[in-house]
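Below you'll find the structure, written out as structure tokens, and then a few comments.
Read-outs: derived from the displayed coordinates by stated rules, not from any lab. Worth saying up front: this structure is predicted, and the values here are computed from it rather than measured. Cβ: placed from backbone, ideal geometry, glycine included. Neighbour counts: every protein chain shown.
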Amino acid sequence: MAAPNLFSFQGKVYLAQRQSTGKPGPLRWVGNAPQLELALEVQNSDKFESFSGNRLLYGRLVQSKTANVNLTLDEATPENLAEGLYALPATVQAGAVSNELLPAGLKAGDLIALDRGHISELSLTDSANPPGTIPPANWWTESPTAGVIGLRKVDGFTQPYKATYQYGATVNIALFTTPPPERMLFLDGINTVTGQRAKVTLYRLTFNPIEQLALISEEWGSLQLSGAALFDESRALDPELGGFGRIELVAD
């Protein structure tokens with residue numbers, strides 16, 4: 001029989017936009033989160049006595065209290081990425097581009113990046129008057145997703161070339177385009193040793209930018225988010241709530 005107070009927690013982590021009322025907006029499950037850590041710290045100013053000849057610790061003044069949070073996310077959803085990139089995911093609708101100018105002075109074998117990715121129905125014309133259509137045999141599509149094309153032959157046509165194509169819908173996540181968002185965090189947890197349920201709530205949480213995002217890796221990717229729980233004065237006077245957050249263990 002397992003000792004009654006041993007613990008190993010798992011559970012679902014939810015984030016919500018904190019409203020001006022202090023209440024959470026709609027909750028968003030972040031997906032598989034293999035790690036959620038809370039690290040409490042205090043900064044002290046120590047006083048040492050000067051009468052015994054041993055300079056012993058005589059008093060301690062707590063100067064500050066902090067509650068740091070580390071959260072690991074396994075799922076690279078647009079919303080999860082945006083948390084650590086200070087961004088707002090935005091859907092870019094599908095559309096078309098006509099006569100996009102390519103760089104001048106291109107040579108056979110050159111690769112060119114178009115302004116858009118996820119391309120289809122590509123055609124190239126030159127800058128002659130009237131414009132000439134560059135046959136598909138003179139170029140190829142290196143990557144439709146990245147919008148990269150290559151040139152096999154450039155003789156007989158007037159540069160700069162122009163590209164006309166369709167592009168598909170994408171979700172755009174632009175780095176550092178919003179202030180650090182303030183979240184509320186909820187953990188719907190279970191002690192896998194005893195089966196006891198628990199709820200953890202942090203009232204005001206801000207994440208730091210992602211320190212490192214593995215864009216190419218031989219291992220499973222993950223998003224490492226770190227941040228701090230901020231003081232919530234609206235709840236601090238209630239001893240059942242506290243100023244930072246609380247852990248609620250379901251009574252037997």
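Values computed for the structure shown
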{"quantity": "Proxy reagent accessibility, fewest Cβ within 10 Å first, across 21, 206", "calculated": "21, 206"}
{"quantity": "Between region 18-69 and region 165-240, the Cα center-to-center distance that results, in Å", "calculated": "19"}
{"quantity": "Calculated mean projected area of the Cα convex hull in nm² (choose from (1) 13.8; (2) 15.3; (3) 25.2), label", "calculated": "(3)"}
{"quantity": "With eigenvalues of the C-alpha gyration tensor scaled by 5 and rooted, region 91-172, Å", "calculated": "23, 13, 10"}
{"quantity": "Computed lengthening from residue 152 to residue 199, 0.36 nm per intervening residue step minus Cα-Cα distance", "calculated": "10.7 nm"}
{"quantity": "Two-decimal log10 I(q)/I(0) for region 82-125, as the Debye equation yields it once each C-alpha is a single scatterer, q = 0.20 Å⁻¹", "calculated": "-0.82"}
{"quantity": "Gain upon complete extension [residue 145, residue 51; 0.36 nm per residue less C-alpha separation]", "calculated": "26.3 nm"}
